[in-house]
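What follows is a short report on a single structure.
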Amino acid sequence: MRVISGKAKGKKLLAPEGLHTRPVTDQIKQAIFNSWQFKVPGSKFLDLFSGSGSMGIEAISRGALKTTLVDNDRNAVDIIRTNIQNCHFEKSSYNLLQADVFKVIDQMEAKGEQFDIIYLDPPYTVDEIFVPVMEAIGKTHILKEDGILAIRTKKEKELDDEFGYLEKIRMKKYGISMVHYYENKVD
């Protein structure tokens, strides 16, 4: 696993051990970021259930203005911190939080924080988390009006076309994974 493009191109990334983290493959990461190539530079990027931090780190490398990475697992946060240090990113380019994603979503909504891109990669081993986290985000305004949200699931996992303010715009299968893309509903 490595950084694909940008300032830290080619840097190797570590991944937490165990079954809770399934690092996104370079192929999936490249395909997703290719679809976002004009949205990432200068963006505010939110990486929820960060695991290794691979997606958030890729966003920083590709010129995101500020990237927030969130994971509740201490080991994952330590790995992310190591990966960020190895990429030599400025502290001002990221915010790393060891916290419960649901609490962070509520806190961000309360503060009026908004993001251009939100990426979620909940653990496949906790199937019952996917719908509640999408409902939690769908009730908020943390995704900017013209922003995009992507959530990676098992390819068999079905997600509703709408969650509150969020509306599915497409899905893309990558091997055993499916990425569901959402944007704000147009009124």
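Laboratory data are not the source of any read-out in this text; all were calculated from the coordinates shown. All of these numbers come straight from a predicted model, not from anything done at the bench. Here the Cβ positions follow ideal geometry from the backbone for every residue, glycine too, while neighbour counts run over all protein chains shown.
Data table
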| read-out | value |
| --- | --- |
| Calculated [θ] (222 nm, deg cm²/dmol) that DSSP helices of n ≥ 4 give over the chain, each run adding -39,500 (n - 2.57) | -8500 deg cm²/dmol |
| Long-range tail of P(r) for segment 27-184 (Cα pairs > 22 Å, %) | 36 |
| Segment 78-90 - phi-based ³J(HN,Hα) in whole Hz, Karplus 6.51/-1.76/1.60, Gly and Pro as x | 5, 5, 4, 4, 4, 4, 5, 4, 5, 8, 6, 7, 5 |
| Reachable lysines from LYS173, criterion Cα separation under 17 angstrom, eight or more residues apart if same chain | LYS29, LYS154, LYS155, LYS157 |
| All-pairs Cα distance distribution in segment 100-187, expressed in whole percent, bin size 10 Å | 18, 53, 26, 3 |
| Aspartates and glutamates whose Cα lies under 17 Å from that of LYS168, excluding same-chain neighbours fewer than 8 positions away | ASP116, ASP121, GLU135, GLU145, ASP146, GLU156, GLU158, ASP160, GLU183, ASP187 |
| Pairwise FRET efficiency - TYR174 versus ASP78, Cβ, R0 = 35 Å, nearest 0.05 | 0.80 |
| Of ASP47, ASP73, ASP160, the one that fluctuates the most in a GNM where the chain has Cα springs shorter than 10 Å | ASP160 |
| In segment 143-187, trypsin sites (Lys or Arg not before Pro) in a DSSP loop with at most 14 other beta-carbon atoms within 10 Å | LYS155, LYS185 |
| Dipole moment magnitude, nearest 20 debye, the chain about Cα centre, only Lys, Arg, Asp, Glu C-beta charged | 980 |
| All Cα pairs of segment 134-181, percent lying beyond 15 Å | 43 |
| Among SER50, ILE4, ILE169 the positive-end extreme of the charge dipole of the chain (Cβ point charges) | ILE4 |
| Viscosity 1.567 mPa s, temperature 4 °C, Stokes-Einstein D of segment 1-73 from Kirkwood C-alpha radius, µm²/s | 105 |
| Amide H partners (placed H, <5 Å) of ILE148, local residues excluded | ILE117, ILE118 |
| Cα convex hull of segment 57-128 - mean projected area over all directions, nm² | 5.5 |
| Cleavage-rule hits, GluC sites (Glu not before Pro), segment 16-94, DSSP coil, Cβ neighbours within 10 Å at most 14 | GLU17, GLU90 |
